[in-house]
Amino acid sequence: MGRSRTRRTRASQRDSRARARIELGPLKRQTPLGVVLNHHLSFLLPPSPGSLSASIANMFLLTMSTLAGAMAIITLAAILIPDPPHPLMQDRCSFAFCEVCMKEAPYTCSACRTTRYCSPRCQSADWRVHRQSCKIRQKLNEMNTRIAMTPPKRPPLGQCTGCNAKASQGRRLAFCKDCGYQACSSCEPHYSRGTCYCPNSNFGKKYCEMEPRWYHTNGRERSYAGDRHPETHGQPYPSEMYEPARRACDNCGLVTKLLKEEYRDPWVWH
């Protein structure tokens, strides 16, 4: 009786050691994080070694450890290797200076459209500093664009939209029949308060028929970017400023000679 009990005990110990070797085998090929996962997920292993469930559980642990290692590598790469800077965009502007060397800066970051540089070399030198502020500025630009594209409420009648002054007897208010904007004689010539809410015209005067100006907006900093065929008033512009073929204006639909894209920039006309 005692001998048979001893044999059963020894056989049970041998089975336990064999099972431990089978379960701990994958740990030799895992990362430290995989060892931790295997330790905490060991309850997935069934009581009988070598079964299909044990193989599936071991494969799951190996996959988790591999994914964890890959995520760690990607995170370190994102920290140590920053994203490349955005391409520069030529932007003519007076009195603009480079963010790095303070030289004249004819280029601006195409993502935030705010920070200016004189060359791609200076942009690359400033990229680690500019990267975070560039993302913030992009979010602000998106918010400003949504606000600018939201149609405003129609202003109340008899009150100047620019200065909120009520119209008294004998006082004339310029009125836009399309958006309802009203401007008194003091606000009408102003570059900002005299601009109505229409995106393609100002008090009925189409922007495409005027020379480009920086204040040609929808009254909320959304600049007009369409075609231009300004009136010549008897003094035609040089032929090299126009596109080679006539076509329909994307604003008014008139088929005529249109200015080339580089001559639609308001800063060219100053």
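Using the Cβ of ARG137 as centre and a radius below 12 Å, the other residues enclosed give a net charge of +3, where K and R count +1 and D and E count -1. Checking the a/c ratio against 1.5 first, then a/b against b/c, what shape does the Cα gyration tensor give for region 88-149? Oblate, since a/c reaches 1.5 and b/c is not below a/b.
Other residues lying with their Cβ under 15 Å from the Cβ of ALA248 contribute a combined charge of +1, Lys and Arg counting +1, Asp and Glu -1.
Each other residue within a Cβ distance under 12 Å of HIS229 adds +1 if Lys or Arg and -1 if Asp or Glu, for a net charge of +1. Spatially close Lys pairs in region 143-270, defined by Cα atoms under 20 Å apart and a spacing of eight or more places or different chains, total 8.
A short reminder: the numbers here are calculations on the coordinates, not readings from a lab. Computed from a prediction, not measured in an experiment: that's the story for all the values here. Cβ: placed from backbone, ideal geometry, glycine included. Neighbour counts: every protein chain shown.
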